[in-house]
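The values are calculated or read from the model by the stated rules, or taken from the named source; none is laboratory data. Since this is a predicted model, take the numbers as computed values, not measurements. Cβ: placed from backbone, ideal geometry, glycine included. Neighbour counts: every protein chain shown.
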Amino acid sequence: MTRARVVLVAIIAVFSVSPSLRAHHSFAAEFDANQPVTLKGIVVEMDWVNPHTWIHLDVRNPDGTVTRWMIEGGTPNTLVRRGFTKKSLEAGTEITIHGYRAKNGTNRANGADMLLPDGKRLFLGSSGTGAPIDGRDASEK
């Protein structure tokens, strides 16, 4: 194979990587550690997709209107290892999320942890991706 052909094959391989892999990013690429948020709302749905899970949350504003937020969590496998299952968070459940807002100001946040109605806390974040070390993840050093 000629060198030009090898380069062309390599370029094609890079651009044919699955969209979920291309979409993966570090915390600092999208979220702002200086913009912590606490959101209390009703779960609309949860997407169990790679590379991150997403919780869609309706948050009631002081004026009575509702804003839909998207909360990024760790990978599905990471949450399952922490004891979380698809049945752990049903639509209609009221939860509180502590996290960090998207840099672009949209209604998206990286979830650090979630408080369930029974008082149980679940660490949602992805350690080691540039997220702030705030003591929420027991594995942080």
Quiz item: Does any residue in the range 94-114 that is loosely packed, with under 15 Cβ neighbours inside 10 Å and of a type in the set (Val, Ile, Thr) come within less than 9 Å, Cβ to Cβ, of a residue that is at pLDDT 95 or above and outside any loop (DSSP other than H, G, I, E, B) six or more places away or on a different chain, and which pairs are these?
Solution: Thr106/Met70
Quiz item: Would the range 38-45 turn up any residue that is modelled with pLDDT under 95 and either closer than 14 Å to Ile95 by Cβ or over 13 Å from the mean Cα position of the chain (by Cα) (or both)?
Solution: no
Quiz item: Leu8: modelled with pLDDT under 85 and out of contact with any His (no Cβ under 7 Å at 6 or more places or on another chain), yes or no?
Solution: yes
Self-check item: Scan of the range 63-93 for residues that are modelled with pLDDT of 95 or more and surrounded by fewer than 19 Cβ atoms within 10 Å (Cβ to Cβ), ordered by number
Solution: Asp63, Gly64, Thr65, Val66, Thr67, Arg68, Met70, Ala91, Gly92, Thr93
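Test of understanding: among Asn34, Asn50, which residue is loosely packed, with under 12 Cβ neighbours inside 10 Å and at pLDDT 85 or above? Give the derivation first.
Numbers: Asn50 fails: loosely packed, with under 12 Cβ neighbours inside 10 Å.
Every option except Asn34 fails the conditions.
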Quiz item: Looking only at residues in the range 38-47 that are of a type in the set (A, V, I, L, M, F, W, C) and farther than 19 Å from Gly119 by Cα, which one is surrounded by the fewest Cβ atoms within 10 Å (Cβ to Cβ)?
Solution: Val44
